[in-house]
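To start, the structure itself, in structure tokens.
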Amino acid sequence: MRISAKQYSKALYDLTKGKDEKELDSIVFNFASELRRRRKLNLSDDIMKIFSEIYNKENRIMEAEIVSAREIGNEQMIGIKNFLKNKYGADKVILDPKIDKNIKGGIIIRMGEDIIDGSILKKMKKLNNLLKNNV
Amino acid sequence: MELLENLGINGKILLAQVVNFFILFWILKKFAYKPVLNLLEERSKKIEKGLKDAEVARKKLEETEIESKKILSDARKHSREIIKEAEIRAETSKREIAEETKHKVDKMISDAKKKIEEEKDKMVVEVKNEVADLVSLATEKVLEKKADSEDDKKIIKKVIEN
């Protein structure tokens, strides 16, 4: 029977759930050995990605990519975290800040497939469309 | 006999003349009258035949004349019909050509109007797009020069507070 990356991820999560750090090392080592034995190490990237998603979901942890034109200060980062906690009911929010001058200003928040686009670039595009279609 | 002699007629001579007459008559009949009669008869037949032929020819001529008149009349009638038909056809064709031409002209006008309308719409869209792009570009330039961290903060605040 062929086992998918998702099934491996789910198994890894079940094995590691509620375990302390010492036990985790041993479990992960054994799991990696098993993958090597089964010649499935090529799935490790996918497994880790899905594992991370499962872990975050189970522990109400949220990862979000934050794109801005300029660096965002700590105070505002906390504001963003709180905003996301409230919006998605997460206990913990992990932010991955990125700078992209092309967005001109504002912010884009990406959580998986969910996107909040509050960038100036988007507003300009909207304005452009509005002018093209309604003037 | 005596009487004949008294009248100066010699019986022998008379007899001889009678005989001569019959001989002459026979010779003439044999060598002259018959060929002449045959010739005459033949001639007469020829004339008669000629007359008959002439009559036949006359009749034939009359028939031919009648026939040719009939043919001529038929031909005239037929030609009149042909002309009439051609006139009708020409009239129909003329009308059809006129209608077709009118239709073509109408279509050309309609197409031209449509094309002008399309061009106009296209131009309007192009102008709108150009204006929109210019406005966007101008906005972008202004933002690049004017927007700072404080503006950015305000914008982000607005996003997370809404």
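The values are calculated or read from the model by the stated rules, or taken from the named source; none is laboratory data. Bear in mind that the values here come from a model prediction, so they are computed numbers and not experimental data. Using ideal geometry, Cβ is built from the backbone for each residue, glycine included, and neighbour counts are taken over all protein chains shown. Ligands, DNA and RNA are excluded from the accessible area calculation, which covers all protein heavy atoms including side chains. Shrake-Rupley method; radii C 1.70, N 1.55, O 1.52, S 1.80 Å.
The figures follow:
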| quantity | calculated |
| --- | --- |
| Count - residues of the stretch A:99-125 that are charged (D, E, K, R) and surrounded by fewer than 12 Cβ atoms within 10 Å (Cβ to Cβ) | 3 |
| Any helices (runs of 4 or more DSSP H) falling wholly within the stretch A:21-135 and containing at least 1 residues that are closer than 30 Å to residue B:132 by Cβ and either free of Cβ contacts under 8 Å to residues at least 24 places away in the same chain or away from chain B (no Cβ under 11 Å) (or both) | A:120-134 |
| Residue that is part of a helix (DSSP H, G or I) and away from every other protein chain (no Cβ under 11 Å), where the choices are B:86, B:132, B:138 | B:86 |
| Residue check for residue B:144: in a helix (DSSP H, G or I) and closer than 30 Å to residue A:105 by Cα | yes |
| Hits in the stretch B:147-156 - residues which are exposed (fewer than 14 other Cβ atoms within 10 Å of the Cβ) and part of a helix (DSSP H, G or I) | B:149, B:150, B:154 |
| Near pairs, Cβ below 8 angstrom, 6+ apart or cross-chain, from the stretch B:1-23 (under 30 Å from residue B:33 (Cα atoms) and in a helix (DSSP H, G or I)) to any residue that is open to solvent by 90 Å² or more (accessible area, probe 1.4 Å) and at pLDDT below 90 | B:11/B:1; B:11/B:5 |
| Filter result for the condition that a residue is open to solvent by less than 100 Å² (accessible area, probe 1.4 Å) and within 60 Å of the chain's Cα centre (by Cα), over B:13, B:82, B:9 | B:82 |
| Filter result for the condition that a residue is modelled with pLDDT of 90 or more, open to solvent by less than 90 Å² (accessible area, probe 1.4 Å) and not small (Gly, Ala, Ser), over B:36, B:19 | B:19 |
